Amino acid sequence: MLFAGLVLFGLRLIQPEAIAQDSLRAGGFTLLGTTVQLWFIAAAYLIGAAVFDLFRHRRFKHVEVERVLPHSLALGVPAFVQWRVHNHYVFPLHIELMDYVPPLLSAQDLPVGLVLKPGTERTLQYPLIPEQRGEARFGRSAIRVLTRWKLWQRTQFHGRPETVKVYPNFAPIASAAAIGLEQQIAHLGIHMLQRRGEGSDFRQLREFREGDAMRQIDWKATARYRKPVSREYQDERDQDIVFLLDCGRRLRNKDDRLSHFDHALNALLLTSYVALRQGDAVGLMSFAGADRWLSPLKGPARINLILNQLFDLHSSTHTSDYLRAAEQFMSKNQKRSLVVLISNVREEDLEDLTRACRLMARKHLVMVANLRDSFLDKYQRYPVATFDDALTYCGLTEFSQRRREVLVRLQGMGVIVTDSLPHTLHMDLVTEYLRLKRSGRF
């Protein structure tokens, strides 16, 4: 503080020897005595000014701060937090704003400083990036304000603690809601099997067109109208698709910014959205960690319920028990369904996984959506230049071969298998679902 510095400097001038010499002299004030008095007077004025400046701003009650948080956040998608600051004083304020950001989020450009003119309002914002899913709990906003004469600064808190949910990245779902499903699927690079009017549910009668199969002709309607009439079918609706989501330790792996578990969630959400739009019912069950169950229900609005069930679900350090998960599922769901098991399968899982698939295949159509570690493809593409490189290549090749044998064994049992890299899982899962839908297998 300015006044504190002046006082300390003045006190250094007031030495005992100087006061003694001054007291021995007669005939008025000496130069030293005058200087001491002037310093005391200046210090008194400064102290008085500081006390006045402090007490007239005991609280900055004429400063309003309102924080506006996003309604929700998506994992890895940048967002902004806004502040609205209003200065009701008749003089400008030097303000520094700070926020308590929860550990789930990464914030930038904090604190934020500004000079706010009298009687004006400013809107400020700072960016943040969600790094984990769950409930992000914000604390109260803090402002640090300089007094009018800039002799003091005061920190005070505004607003109240708030909570924002960080969901999986549902940007593909939001864009799918904005445009047609067919266009969205094409945008994702998914190729649908085109079958005109050859579903399993009757839709309508129409005129025979070139390319229609003979079995589509309705002979009674043809005789009545005296021209060829075809039956048009649509894909069967009101079917069930249930996801078994592995929350075990293997899905904690990371090949990029997102874990394998987060990629699995994104694929599950997109496939659920497509299935709900197709008129099917979607359910899910998680295992090897937090056990959650959602019975199959249909309707596009169902996706909101799925989001709220999954936003705070995380992978665990547990070992996946496929047979136990299959037994739990069979006890919960009796209607024939397409069961999609999302996991990361290894050679040691073969016995447990085959028993689980046999159990579920008695009543359901079983599909295993397997996540493949990206490092397997990455390191096998590296040139082999040294003996250590050769050992690494041979080890990874043997590991990959044994892993493929597990998948081939499952396919031999009649299980549908997809083997995908984490960032392509959503495309492969939707493609396989639509292929099964069009083939009439479930």
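The values are calculated or read from the model by the stated rules, or taken from the named source; none is laboratory data. These numbers come from a predicted model, not from an experiment. Remember, those area values only see protein heavy atoms, side chains included, never the ligands or the DNA or RNA. Shrake-Rupley method; radii C 1.70, N 1.55, O 1.52, S 1.80 Å.
Rank these by accessible area, largest first, 1.4 Å probe: TRP219, TRP293, TRP83. Mind showing how you got there, number by number?
Working: TRP219 160, TRP293 75, TRP83 0 Å².
Largest accessible area first, the list is TRP219, TRP293, TRP83.
Leaving ligands, DNA and RNA out of it, work out the accessible area of TYR393 with a 1.4 Å probe and give it in Å² to the nearest 10.
Estimated to the nearest 10 Å², TYR393 gives 100 Å².
Counting only the heavy atoms of the protein chains, how much of ARG358 is accessible to a 1.4 Å probe, in Å² to the nearest 10?
120 Å²
Summarise the accessible area of the range 299-442 (1.4 Å probe, protein heavy atoms) by the percent that is carbon and sulfur.
52 percent
If a/c stays under 1.5 just call it rounded; otherwise compare a/b with b/c (prolate if a/b is bigger, oblate if not). Do that for the range 399-441, with a ≥ b ≥ c from the square roots of the Cα gyration tensor eigenvalues.
Because a/c hits 1.5 or more and a/b fails to exceed b/c, the range 399-441 counts as oblate.
Ordering ARG277, ARG409, ARG346 from largest to smallest accessible area (1.4 angstrom probe), what's the sequence?
Result of the area sort, largest leading: ARG409, ARG277, ARG346.
Tell me the accessible surface of CYS247 in square angstrom (1.4 angstrom probe, heavy atoms of protein chains only), to the nearest ten.
About 0 Å², rounded to the nearest 10.
Working out 0.36 nm times the residue gap between PHE40 and GLU351, then minus their Cα-Cα distance, what length gain in nm do you get to one decimal?
In short, 102.9 nm is gained.
Just how far, in whole angstrom, is the range 317-389 from the range 411-442 if you go by their alpha carbon centroids?
Here the two parts' Cα centres lie 13 Å apart.
Which percent of Cα pairs goes in each bin when the distances of the range 350-442 are cut into 10 angstrom slices starting at zero?
Per 10 Å bin, starting at 0, the Cα pair percentages come out as 14, 36, 31, 14, 5, 0.
Using a 1.4 angstrom probe with every protein chain in place, what is the largest-first accessible-area order of ASP246, ASP218? Could the numbers behind the result be given before it?
Values: ASP246 0, ASP218 25 Å².
I get ASP218, ASP246, largest accessible area first.
Check which residues have an amide H placed less than 5 Å from PHE243's amide H, if you skip close sequence neighbours.
The list, which skips near neighbours in sequence, is GLY283, LEU284, MET285, VAL340.
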